1. State whether the residues of segment 145-163 include one that is within 16 Å of ligand 1 (Cβ to nearest atom), assigned to a loop (DSSP other than H, G, I, E, B) and crowded, with 20+ Cβ neighbours inside 10 Å.
2. Is it the case, given these coordinates, that Val272 is under 23 Å from the mean Cα position of the chain (by Cα), outside any strand (DSSP E or B) and within 16 Å of ligand 2 (Cβ to nearest atom)?
3. I need the full set of residues from segment 279-300 which are outside any loop (DSSP other than H, G, I, E, B) and either of a type in the set (Phe, Trp, Tyr) or closer than 13 Å to Val229 by Cβ (or both), in order please.
4. Looking for something within 12 Å of ligand 1 (Cβ to nearest atom) and within 19 Å of the chain's Cα centre (by Cα) - is there at least one such residue anywhere in segment 105-117?
5. Identify the residue in segment 205-231 that is among the hydrophobic types (A, V, I, L, M, F, W, C) and assigned to a loop (DSSP other than H, G, I, E, B) and, among all such residues, is farthest from ligand 2 (Cβ to nearest atom).
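What follows is calculated from the coordinates using simple rules that are stated; it is not laboratory data. From a predicted model like this one, the values you see are computed outputs, not experimental measurements. Reconstructed Cβ throughout: ideal geometry from the backbone, glycine too, with neighbour counts over all protein chains shown.
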Amino acid sequence: MNVLLTGGMGYIGSHVAVVLLQAGHRVILYDNLCNSEASVLARIEQITGKTPTFIQADIRATKTLTDALKQHAVEAVMHFAGLKAVGESVEKPIEYYANNVEGTVSLLEAMRETGVRSLVFSGSATVYGEPQYLPLDEAHPLSATNPYGRTKLHIEEMLRDLSVSNPLWRIVCLRYFNPVGAHESGLIGENPVGIPNNLMPYIARVAAGELKELSVFGNDYPTPDGTGVRDYIHVMDLAEGHVAALAWLAEHPGWYAINLGTGQGYSVLDMVATFVRACGRDLPYRIVPRRAGDVAACYADPGKALRELGWRARRDLLEMCASAWKFQNRTGTGLLGSDCEGRLS
Ligand code: NAD
Ligand code: UDP
């Protein structure tokens, strides 16, 4: 199948590109490189031995996007492009609505124009808001606590409206839990610019000696060791989930939401201990007060993904840490140049 990946040069998109290419699909990467860099293309080639098409453009350039869909006879789109830093979204809501919501409208116009009706969307477990029960299944009430989350929620609703308007659409919103880790080669992975906000890249840089110590945000949560619990999922498992969703969509017109998580929660201290095993070094950390807006625990009921897609996560926390460490060692920091507003955590 010819598949266009908006945001395909980014962290998750690049891993999905690898799995798609290896499964025999043709891949068109469409990315403005505002949070990724051109060398990712060569790395994808190095891993797969195949050369995806790359178009450097913004998803809001509807005409360029329409031309790309036509020219490459695209049959399905995976939509990763967007800004994703929660804190930044509070400071710059207009940029977030413009990029994420307006960008998606532009994509949908281009798809409508060209008759491309299959879409896999990068959703997020953030749409569940404060968990009312655990594990989180897809029927859990939806809410948003910040502009980033609201863009994800608005887009989901928009996509649902679209499927109601025309039954030819096939749309699946994959609600990711906490994607971490890297491709086994260590050639592609998550490389945030500046000081990471997220736990795994922060830990990797502490282990590498680039940051002094980890701040553990709170140890007084109602969790087994008092630190926050999350459902970390290996990015390669996540990528395989996308390929399963693409095949499944061929038989399923309509709109769907499906969790991609492991169903297993791990605490911050679990993550620290596992990373120490993976890297063989000490990881200095300090307990500090809770981070505003954090929930105590968040993990998926991944049952629907198994029932519908026949997919389940297979890689464990040690593989997540080991691959992140390998990527950290191969890449170090400073790979990415800073060239756009809306940089990430
Ligand atoms: P990323 O920033 O690494 O990748 C996003 C890519 O989109 C980047 O390469 C960026 O250059 C590109 N991009 C952004 N705006 C664009 C635009 N207007 N036009 C063209 N390209 C544009 O992020 P990621 O971690 O790979 O996330 C991918 C998607 O998954 C995002 O939509 C994100 O909200 C969602 N998501 C991510 C996580 C996570 O923890 N990484 C969790 C839940 C959901
Ligand atoms: N966390 C932490 N120190 C950090 C970054 C994160 O203790 O420097 C904790 C955070 O409080 C949460 C967990 O690690 O309990 C995962 O945080 P992350 O930002 O990676 O993901 P999210 O909060 O979006 O689930």
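1. No, every residue in segment 145-163 fails to be within 16 Å of ligand 1 (Cβ to nearest atom), assigned to a loop (DSSP other than H, G, I, E, B) and crowded, with 20+ Cβ neighbours inside 10 Å.
2. Details: under 23 Å from the mean Cα position of the chain (by Cα): yes; outside any strand (DSSP E or B): yes; within 16 Å of ligand 2 (Cβ to nearest atom): yes.
When the stated conditions are applied, Val272 passes them.
3. Within segment 279-300, Tyr285, Ala297, Cys298, Ala300 qualify.
4. Yes, there is a match, as at least one residue in segment 105-117 is within 12 Å of ligand 1 (Cβ to nearest atom) and within 19 Å of the chain's Cα centre (by Cα).
5. Taking segment 205-231 and keeping what is among the hydrophobic types (A, V, I, L, M, F, W, C), we get 206-208, 211, 214, 216-217, 229.
Cutting the leftovers down to assigned to a loop (DSSP other than H, G, I, E, B) gives us 208, 211.
Working: Ala208: 15, Leu211: 9 Å.
That would be Ala208.
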